[in-house]
1. Cβ-Cβ below 7 Å, separation at least six or inter-chain, first residue in region 161-174 and touching a residue at least 12 places away in the same chain (Cβ under 8 Å) and closer than 20 Å to Gly201 by Cβ, second of a type outside the set (Lys, Arg) and not in a helix (DSSP H, G or I): which pairs?
2. Scan region 158-185 for residues that are among the acidic types (Asp, Glu) and in contact with a strand residue (DSSP E or B) (Cβ under 8 Å, 6 or more places away or on another chain) and jot them down.
3. Can you tell me which residue is most open to solvent (accessible area, probe 1.4 Å) among those in region 28-81 that are closer than 23 Å to Thr190 by Cα, assigned to a strand (DSSP E or B) and among the aliphatic types (A, V, I, L, M)?
4. What helices (runs of 4 or more DSSP H) completely inside region 120-233 contain at least 1 residues that are of a type in the set (Phe, Trp, Tyr) and either open to solvent by 70 Å² or more (accessible area, probe 1.4 Å) or farther than 17 Å from Asn85 by Cα (or both)?
5. Suppose we filter Ile84, Ile101 for residues that are more than 18 Å from the chain's Cα centre (by Cα), closer than 30 Å to Ile18 by Cβ, open to solvent by 20 Å² or more (accessible area, probe 1.4 Å) and not acidic (Asp, Glu); which single one remains?
6. I'm trying to understand the selection: among the residues of region 3-18, which are of a type in the set (Asp, Glu) and within 15 Å of ligand 1 (Cβ to nearest atom)?
7. Considering region 41-59 alone, what residues qualify as being away from ligand 2 (no atom under 16 Å from the Cβ), within 12 Å of Val76 (Cβ to Cβ) and either under 11 Å from the mean Cα position of the chain (by Cα) or not hydrophobic (A, V, I, L, M, F, W, C) (or both)?
Amino acid sequence: MTLTLENVWRTVGDEVHIAEANLSLERGTLNTLLGPTLAGKTSLMRLMAGLDKPTKGRILFDGQDVTGVRVQDRSVAMVYQQFINYPALTVYENIASPLRIARASADEIDRKVREAAAMMKLEPMLDRTPLELSGGQQQRTALARALVKGADLVLLDEPLANLDYKLREELREELPRVFAESGAVFVYATTEPTEALLLGGNTVTLHEGRVTQFGPTLDIYRNPGDLLTADVF
Ligand code: M5T
Ligand code: MG
């Protein structure tokens, strides 16, 4: 049960954003996309999510060809690097919105929103609006919204970058547990090698749009190979 990329390319004009990506990611495992800025982490996630179409190649989910399938027609939760919240809605309604779209019952909505808010330490903020929150609380609102969705594919793009060190440490432990153990394909992008190490799981290293390594994080750390060592670990 996997997300598979077969020879996936994305070029925009003359620029190659992703080249020849071949990957197979399992459900229930944490996969860290690790690479320096402009390596292609966001580009790869957008392809995985179905937000962008590959110029070439195929994307399969659980064996089904989802190349070009619109993101609305798939079970995907993505927290963008520049995460989004709805400024006119309360934090509660921000978190509830995927459940309202899915026409969940009021009881289910309330239970799931409160669970996710507890997990993200947002309980006292539920009646506020995102504009009244700190950057970290806004980030956690976006994470909570992804959490309630219960998606098959969860993509978090540098999700801890806006948090203070204490919350970052807490959430670094919590996020893989709540997302990966839900049985989703879980992908986490970071520029920080130490973050990948602490997260464990598997790591995909990216450089200039190419996948340079893929395997258990510890193996890559111990044996980074001759390519791009300086950039990744
Ligand atoms: C990957 C190019 C960039 C690079 C590749 C956003 C953006 C990217 N690119 C553009 O040409 N124009 C653009 O507006 O795409 O970029 P990425 O996927 O955004 O990289 P990243 O997510 O690993 O970087 P960061 O900074 O988020 O850590 O060839 O030139
Ligand atoms: Mg990015």
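1. Close Cβ pairs satisfying both conditions: Leu171/Leu160; Leu171/Leu163; Arg172/Leu160.
2. Glu158
3. My answer is Met78.
4. By residue number, 165-175, 217-222.
5. Ile101
6. If the condition is that a residue be of a type in the set (Asp, Glu) and within 15 Å of ligand 1 (Cβ to nearest atom), then Asp14, Glu15 are the ones that fit.
7. Gly50
The values are calculated or read from the model by the stated rules, or taken from the named source; none is laboratory data. The structure presented is a predicted model; accordingly, all values stated were derived computationally and were not measured. FYI the Cβ positions are ideal-geometry reconstructions off the backbone, even for glycines, and counts take in every protein chain you see. SASA here: full protein model, heavy atoms, side chains in, ligands and nucleic acids out. Shrake-Rupley method; radii C 1.70, N 1.55, O 1.52, S 1.80 Å.
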